[in-house]
1. What number of residues in segment B:319-354 are within 15 Å of B:D416 (Cβ to Cβ) and either buried (at least 17 other Cβ atoms within 10 Å of the Cβ) or assigned by TED's automatic domain parsing to the domain that holds B:Y68 (or both)?
2. Quick one: in segment B:349-388, of everything that is of a type in the set (V, I, T) and farther than 30 Å from B:V298 by Cβ, which residue is nearest to the other protein chains (Cβ to nearest Cβ)?
3. Just checking, which of A:V122, A:V164 is at pLDDT 95 or above and of a type in the set (A, V, I, L, M, F, W, C)?
4. Search segment B:73-105 for residues being within 18 Å of the chain's Cα centre (by Cα) and among the polar types (S, T, N, Q), and hand back the single one that is modelled with the highest pLDDT.
5. Say whether the condition of being within 26 Å of B:S464 (Cα to Cα), open to solvent by 20 Å² or more (accessible area, probe 1.4 Å), touching a helix residue (DSSP H, G or I) at 6+ places or on another chain (Cβ under 6 Å) and not in a helix (DSSP H, G or I) is met by at least one residue in segment B:239-256.
6. Could you list, in sequence order, all residues of segment B:120-136 that are open to solvent by 30 Å² or more (accessible area, probe 1.4 Å) and in a strand (DSSP E or B)?
Amino acid sequence: MKWRKLFRTDILICGLLLMLAGCTISSTKVPDYTNAQMDFSAVRTVAVLPFQNLSADDQAAERVRDAFMGMLLATEAIYVLPPGEVNRGMNRANMRIPWAPTTEEITKLREILEVDAVLTGVLREYGSIRSGSAEANLVSLSLQMIETQTGSTVWSASSTKGGVTLADRMLGSGGRPMNDVTTQVINDLLDQLFE
Amino acid sequence: MTYLINSLNRAVFVLAVTVLLSACAGQTPPQKPLRVAAVQIEAEGTRVLLDALQWSCVVENGSGQLNYEYLVRRAGIASRIYEGPVAEFRWTPKQAGAYQLKVIVRDSTDRQAESSWSAVYNFSAPVSESGLYAVWPIENLSANAAPLGKIREMLVTKLRNSGLAVLEDERMEDFMRDARIRYVGGLDPQTARQLADELGVAGVILTSLETWHERGIPRVSLLSRLVVNAELPEVAWIDSIGLNGDDHTGLLGLGRITDPRQLAATAVEQLVGSLLATLQGVAPGYRHSVDAGQLQLVDSSQYKRLGYQADVKKTHRPRTYFRDQQFDPTREYRVAIVPFLNINARKDSGKIVALHLLQQLQRYENIRVYEPGVIRDVLLSYRMIMQAGPSLAAADILASDTILGADLIMSGKVFDFQDGIGETRVDFSTQVFSGGRREVIWTSHSYAGGDDGVYFFDIGKIASTHDLLRPMAQAVVRLLED
């Protein structure tokens, strides 16, 4: 009789935990794409083009791009051209939409900047989200690597971090600072790139 | 019998000689030791920034490519100023003081020879207390209306009371009107030359008002620097001070200051004290010690009095940074800081961050930072507009020996700069470009808030952006140089 009571309590606790876990906003993992034929060790120099900004913050894409360029350079695996040089190359290549370059524009960019690949990106979310009384920051970014020899996409990945967690709901905290969430997203994308 | 013995002796003798000679076969004669025959040092004057020491080293018995290492010693700390194949070397000390010099030579067989420490060469301060100084109108970077004329008046009065000769206001205003000078945030070479030739001015004191808050708790921050009228104007001293009305409230708040002018007067007094210390040649500086293998502080006796180092917490350090492995921080570098880009930050925050970094870089004896007015002049004369930071072409111009000759070009972006009453927040990134290698050798991203790590009763809260930015800039430069 006693064990039945204990068993019932355990089930109740497990059920409660599952329900609470369901309340969190899960960061769904989107599978990344990596071209199996591509020799990524041949990519020595890249240009990170300005990201498309789909968030409400006008300057968010520039913030995320700057952080991404610094962290990619810090891996010491790839040399990242400075943004001023990328800007000069884009102007000379008459690139109009940097987040969606044509094959001709990428080929031109290769000749001007002598880069092995270009990285384009879309900042899908950058800001705070609310769920009930809890509020937290969320960043969602997707990136593409385009090889400049042929203009084909060789890698694509996306990541979403932040959001309202169980701890935010229980303790009423405002989530992680935006810069920390941005760093988490970039680290996740770099892990995907170098895995 | 005698003939037989003689013949035998002769044969043994010939055999012994042959054996001895054969033993020598294949062996090279012993090499003469590598020796530094002479080190000629000629002082081309006695003034720092304007004059130099000319070294030439003569080496005997070296084989193959020779590698020269030039060392200087001041205040008991020896540091390397050059390493490479050049036997003749011209060097200008950045700081005043007594210097001794030494050369270490290595040849291709890894043999080493060194000279003894030379006689002492004394270099006096680039500017002295007897020179004539112009105090430029104060540049307002505070984004608020401020009594700039009053603050300048306080500065001039304090300088005169300290015994410095300051150019009269009428003469300076006439000069500025005749030369059509409107920009007061820097000094270009042409203006510096005109000031020296026409008015006999030895240096110009440029001051920027970083913060000015009158409402609520008053807050004042000033950045001031002395630019020497050399062939290329050079920063000889820079310091900053930030004061809040509630810094020392004391019992029942009796120590609270409500008048920002009172704060400005205190700030001016402290800045003048710091300037005088430099003019007397007692300002501390960081040097890379060859013996200790790390940075050491020279003249540390003035360290605390001048408030030399801010309290750098973990949160002030760059959150992410990269330094190229090939970058040698012990070498001597000429650094050009181009204006930082404002990305959604308040007006002039890019200039403020750049000035704070200039202040920190200036403290390292192996680093010479170009006066911002010189950089502005070059950028304007070449019509360089940098919408996204310096490009390779822009860096090439700044690095060209015929134009500026910068070894490193520092730039960056400011994403956030909140210096209103309430929340204090700074967010900026830096990038250093090597002019010679045409590559990025440093990037960093720093962000911090005044209330980071503060949980109870605002203990440890940093109220002003100046007090927050100062350790952040210090941490960036320290990581670059360490």
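1. Counting residues in segment B:319-354 that are within 15 Å of B:D416 (Cβ to Cβ) and either buried (at least 17 other Cβ atoms within 10 Å of the Cβ) or assigned by TED's automatic domain parsing to the domain that holds B:Y68 (or both) gives 13.
2. B:I385
3. Within the list A:V122, A:V164, the selection yields A:V122.
4. Only one residue fits best here, namely B:S79.
5. yes
6. Matches in segment B:120-136: B:Y121, B:N122, B:S124, B:L132.
Yes/no matrix, rows are residues, columns are (1) facing chain B (nearest Cβ under 10 Å); (2) farther than 14 Å from B:A388 by Cα:
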site: A:S41; (1), (2): no, yes
site: A:E62; (1), (2): yes, no
site: A:L73; (1), (2): yes, yes
site: A:P83; (1), (2): yes, no
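Yes/no per residue for (1) under 19 Å from B:R368 (Cα atoms); (2) crowded, with 19+ Cβ neighbours inside 10 Å:
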{"site": "B:E423", "(1), (2)": "no, no"}
{"site": "B:S429", "(1), (2)": "no, yes"}
{"site": "B:R438", "(1), (2)": "no, no"}
{"site": "B:G449", "(1), (2)": "no, yes"}
{"site": "B:G460", "(1), (2)": "no, no"}
{"site": "B:S464", "(1), (2)": "no, yes"}
{"site": "B:L468", "(1), (2)": "no, yes"}
{"site": "B:A475", "(1), (2)": "yes, yes"}
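The values are calculated or read from the model by the stated rules, or taken from the named source; none is laboratory data. Just so you know, these numbers come straight off a predicted model, no measurement behind them. Glycine gets a Cβ as well: all are built from the backbone with ideal geometry, and neighbour counts include every protein chain shown. Accessible surface areas use protein heavy atoms only, side chains included; no ligands, DNA or RNA. Shrake-Rupley method; radii C 1.70, N 1.55, O 1.52, S 1.80 Å.
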